[in-house]
Structures are given as C-alpha cells and as structure tokens.
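All remarks here apply to the structure that follows.
The values are calculated or read from the model by the stated rules, or taken from the named source; none is laboratory data. None of these values were measured; they are calculated from a predicted model. Because the Cβ atoms are built from the backbone with ideal geometry, glycine has one as well, and the counts that use them run over all protein chains shown. Each accessible area value is taken on the protein alone, full model and side chains, heavy atoms only, with ligands, DNA and RNA left out. Shrake-Rupley method; radii C 1.70, N 1.55, O 1.52, S 1.80 Å.
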Amino acid sequence: MATEEQLIDRIQRRFSGPSTGLRVGIGDDAAVMTPQKGTEWVVTTDAFLENVHFLRKVHPAKALGYKALARATSDIAAMGARPRYFLLALALPANCAGTWLDGFLDGLAAAARRFGLSLIGGDTTKYPSIVVNLTVIGETRRGRAVLRSGARPGDVICVSGRLGEAELGLRLVQRGLHKDRRWKQLVGKHFSPEPRLALGQWLADRRCASAMIDTSDGLSTDLGHICKASGVGAKIFAGKIPMVKVPPEVQRMGMDPLQLAIDGGEDYELSFTVPKGMAGRLPPRVGGVPVTAIGEITPGEGVVLVDARGRAKPLRPGGWEPFRRHRAHRGKLKALLD
C-alpha cells in the first residue's frame, strides 16, 4: 500500500484547479474560505459504509464514487443552496488502494464536475473495510435556505421526478438481476442518483417552497420529518403520487409500485410544500424534472394516505431507519454475499 502522503497526492491530482473563494485548500492543516458578500454557508455530512450502504463485490468502484458524492450533495439541494466545496474522509483496506481507488476517484471526480464542487481537504487512513465520509459545503443568499420547519396548513405538497425507482433497482440487485439486459435501465437510479440541485435553487430563489426535504429515506419517512419539524399533519393521495413504472414480469416478483414509491429510499428527489396561492404558478417541469402535487398540509399531526376509493388511513414511516431495520438490512446484504 502507498504511504498516506502518496495517497493524498493521488487524490489531489484528480481534483486540482483554482476555486473561487478558496484561499487555502489541500496541503495544509485546514482549508481557508471566504464566503461571498450577502451569502450564508450550508454544510452537511454523509457516511457511506461498506456492507451497510454498498457491497464491494456488487457495486462498481466508479459508481460508488459518483453515488457517494451525489448522496451528500442532495442535502444541499434540499436547502435550495448551490454546492461549492467538499471534504473527503476515506478509510480503506490496503488491497483497495490501487485499482479500486482509481475507479472510486474517477466516479467522485465526475460527480464533482457535474455538481460544481471543489475538493478542499479531508483525511485518509487504513481500515479493514471501506468507510467514506463526505462533508459538502453549499452557499445560498442570506435568509433563502429552505428549512423543514416552514410548512403550514393549506400548503400544497409536491414531489419531483418519480418515486420508487432507486428501491426497485436495489431489489433487482438483491435478486442478482441487475446484469440482465432486460432490467438494466431499471437499476440506473440505484447506482447513479441525481440530486435535484436546479429545482432546489429555483424554489429558493423564488421563495416558492415553505419547507423542503430530499427523499433519501422514503416519502413516508421524509414527509413525516417535515410534519414533525413544522408541527403539522399531511394528507396525500395515492392516485397522484408519480410512481416508478414496474414491468408486469417484475410486479409478479412481489414489487408493488405504490409501496416502492411510498417507502423506497435513495431516490434523492425533493419533497416540498408550497403556499396554496403560489402552487398554481408552479410549472409542470423545472430544468426538465417533473413536479407533481400529491396532497396538502393539514392541522394536527401525522400523515394520512387516501386511496383511489377515497378511504383514508394513517401512513406510518416505512422508509429507511438504520437502527430499527439494521438486522433486516444485514439479512438482505448477506443474501448477496452468499
């Protein structure tokens, strides 16, 4: 394995180049940045762990590099901010410091270019399994960051894109079907999610969204986070939710589009609320991404799902919760390793 200094040099070469507002970057004890006048920093961190979030023998290194940064950057999109910088803390086994690392850095660099991010520092160390921790720093006009806590009764609930696509891809991977040509297009979002940066910025710049979150854990869970933070309830309509298109052959495997859309995580779409008076001015697409109204914020608490017959029932959080579902998730991963 290379020395840590050699490892850092390899990483730095992939991400060299000037960056506006950065006075000191990689190579010193810490970075020194200067925010633009009238702006605020938006900072988030995200862990990406082998055998919890990915499997080395199943997920290509390049895809993992891209996905790791996309996941972390999605939180910047959910605040309506613009990505600027990121820091990488990377722990890996000695046998991953060669070809695997090159692929990972290729994917990471591709994501950095796509999202407009500059690497400004981090840390590296040796460890028995791969541990990736990314800190992403965004910038927004002062007072424009969109929080979870701004939803009010009467606000319209909207989502971007189609929900359940990443979960469908994961389930196909779990069944070993991701290499089948018939289903290749169905696993794309699982391997390469796209944070909705343009939409988040559009909503923040126009002060359209009263609250916003990304669907990293699933709609049923993430909408509940908005409700809790805002002290409100929500009512959504099953027939309005833009769901993943599941071929009949795949549905027969027990994959229900509505369940995938409600509880499936890692879509990294945006779920947001808009005051009723402004909802009519929302375009059907922003930057090519569909925007769909699926319900409304209500007084009280809890989320209610209304089915096609008008019957309402409580929608309990069924998305990803690492501690509650840890054992079940490990079981799914073990099946892939066997």
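What is the extension gain from residue 28 to residue 141, computed as 0.36 nm multiplied by their sequence separation minus the C-alpha to C-alpha distance, in nm to one decimal?
37.8 nm
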- With each label point set 7 Å from Cα along the Cα-Cβ vector, what nm distance links residue 289 and residue 206? 1.4
- Item | Alpha-carbon Debye profile of the range 112-193, log10 I(q)/I(0) at 0.13, 0.22, 0.24, 0.25 Å⁻¹ | -0.84, -1.08, -1.10, -1.13
- So what's the angle, to the nearest 10 degrees on a 0 to 90 scale, between helix 165-174 and the longest Cα principal axis of the chain? 60
- Query: For the chain, what class follows from the C-alpha gyration tensor (a ≥ b ≥ c being the square roots of its eigenvalues): rounded when a/c is under 1.5, otherwise prolate if a/b is larger than b/c, else oblate?
  - Reply: oblate
- Hey, rough spin-label estimate for residue 307 and residue 181, points 7 angstrom out along Cα→Cβ, what's it come to in nanometres? 4.0
- Note on the structure: Whole-Hz Karplus couplings 3J(HN,Hα) for the range 94-108, θ = phi - 60° and coefficients 6.51, -1.76, 1.60, Gly and Pro as x, run 4, 6, 9, 8, x, 4, 4, 5, 4, x, 4, 5, 4, x, 4
- Note on the structure: Accessible-area order for 189, 179, 235, 313, largest to smallest, probe 1.4 angstrom, reads 179, 313, 235, 189
- Task: Tell me which residues come under 5 Å, amide H to amide H, from residue 139 once H is placed; ignore anything under 5 positions away on its chain.
- Result: 42, 82, 84
